[in-house]
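Chemist: Dropping a structure here in structure tokens format, bear with me for questions.
The values are calculated or read from the model by the stated rules, or taken from the named source; none is laboratory data. Model, not experiment: these values are computed from the prediction. Reconstructed Cβ throughout: ideal geometry from the backbone, glycine too, with neighbour counts over all protein chains shown. For the accessible areas, the whole protein counts, side chains as well, though only heavy atoms, and no ligand, DNA or RNA atoms are used. Shrake-Rupley method; radii C 1.70, N 1.55, O 1.52, S 1.80 Å.
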Amino acid sequence: MNPQAKALRRENNNREQELSPAARQGMTDVVVYLRSQDLSQLAQEEIRQDIQEMILEGEKRGETMEQVIGEDYRAFCDEIVAAVPRRPRLVRFLGIFGDLLPALSVLMGIWVVNKVVHTLLAGNSPLHLTLTVGEMISMVVILAAGIGAVEWICRTALDKPRQEKKGTLFLRAWLVLACVAAGILLPTVFWKKILCTLWLPVALVVACLPVLLSLLLSRRRDL
């Protein structure tokens, strides 16, 4: 995150403490929803600041958050977001790419540690680590599942809760988890073809590169 957006987020977090508990909860949902929109981090915080100030002024007059911005928070946010110019396609891509990099770095770090431990337990030297096709597919599935989960949470943050039977919710959650688990575990079992072999120091550098690149991208004001 660039310094200006980080400073504004800190200011917004402090300012949010002045809201009533109900308004704070509502603002949390609004902020989560804004995270899913095609907005730079700075634009998100600027919109958040404007909404917070509106609510604070309203509460001084004895009004609730619903009375200030209306009961349909999503429609209110969509109207504001629609007035913000869309970012160029390349910038949007860089934003998505930058969000993925820290997670990729974590996955690569876990892979390195896992490979070193298993190699040592097998009595072999851990200086050369093999990456299989199945392991690569598993990492892609984990990243995709993580992105999907975060996107779903953000997109539905302002949706009204639907009335569903507990059994239906449980079955749906179980099916989703089963599919994700299968997508992660099965490739490592059936696709053991070696994709590449990395020298341990190189593997460590490769694991660190994504997070370093993410830090560089975060300096941009338009992301």
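Chemist: Just want to confirm a number: the relative contact order over region 1-126, from Cα pairs under 8 angstrom separated by 6+ residues, in percent.
Modeler: 22 percent
Chemist: Next question. Spelling out what I want: for every residue of region 50-62, take phi, set θ = phi - 60°, compute 6.51 cos²θ - 1.76 cosθ + 1.60 (Karplus), and round to whole Hz; glycine and proline get x.
Modeler: Once rounded to whole Hz, the list reads 4, 5, 4, 5, 4, 5, 4, 5, x, 5, 5, 8, x.
Chemist: Ignoring everything except DSSP H segments at least 4 long, calculate the 222 nm mean residue ellipticity for the chain; use -39,500 (n - 2.57) per segment, divide by total residues, nearest 500.
Modeler: Dividing the helical sum by the residues of the chain leaves -24500 deg cm²/dmol.
Chemist: For F190, F97, give me the order by solvent-accessible area with a 1.4 Å probe, most accessible first, ignoring ligands, DNA and RNA.
Modeler: In descending accessible area the options line up as F190, F97.
Chemist: In terms of solvent-accessible area of protein heavy atoms at a 1.4 angstrom probe, what is the ranking of V176, V206, highest value first?
Modeler: V176, V206
Chemist: Whole-Hz ³J(HN,Hα) for each residue in region 127-140, computed from phi via Karplus 6.51 cos²θ - 1.76 cosθ + 1.60 with θ = phi - 60°, x for glycine and proline: what do you get?
Modeler: 3J(HN,Hα) across region 127-140, in whole Hz: 6, 10, 10, 9, 9, 8, 4, x, 5, 5, 4, 4, 5, 5.
Chemist: Turning to a different aspect of this structure: So who's got an amide H within less than 5 Å of the one on T132, skipping anything under 5 residues away but keeping other chains? H placed 1.01 Å off N, in plane.
Modeler: Sorted by chain and number, the residues that satisfy this are L195.
Chemist: Considering all projection directions equally, how large on average is the shadow of the alpha-carbon convex hull of region 78-214, in square nanometres? The partial results should precede the final answer.
Modeler: Numbers: hull surface 47.8 nm².
Average projection, Cα convex hull of region 78-214: 11.9 nm².
Chemist: Compute the helix-to-body angle for 200-217: its Cα long axis versus the longest principal axis of the chain, expressed 0 to 90° and rounded to tens.
Modeler: The answer is roughly 20 degrees.
Chemist: Still on this structure: Please report, to two decimal places, log10 I(q)/I(0) for region 1-114 at q = 0.13 Å⁻¹ as given by the Debye formula with identical point scatterers on the Cα atoms and no solvent.
Modeler: -0.59
Chemist: Which net charge results for the neighbourhood of N13, defined as the other residues with beta-carbon distances under 13 angstrom from its beta-carbon, given Lys and Arg at +1 and Asp and Glu at -1?
Modeler: Result for the neighbourhood of N13: +2.
Chemist: Taking K and R as +1 and D and E as -1, what net charge do the other residues with C-beta under 13 Å from the C-beta of V150 add up to? Provide the component values of the computation, followed by the final result.
Modeler: Details: positive: R35, R155; negative: D99, E151.
Local charge sum for V150: 0.
Chemist: Now for a separate question. Per residue, how much accessible area does region 104-223 have with a 1.4 Å probe, in Å²?
Modeler: Each residue of region 104-223 exposes 70 Å² on average to a 1.4 Å probe.
Chemist: Still on this model: Please determine, in degrees from 0 to 90 and to the nearest 10, the orientation of helix 3-16 with respect to the longest principal axis defined by the Cα atoms of the chain, where the helix direction is its Cα long axis.
Modeler: Orientation of helix 3-16: about 50 degrees from the principal axis.
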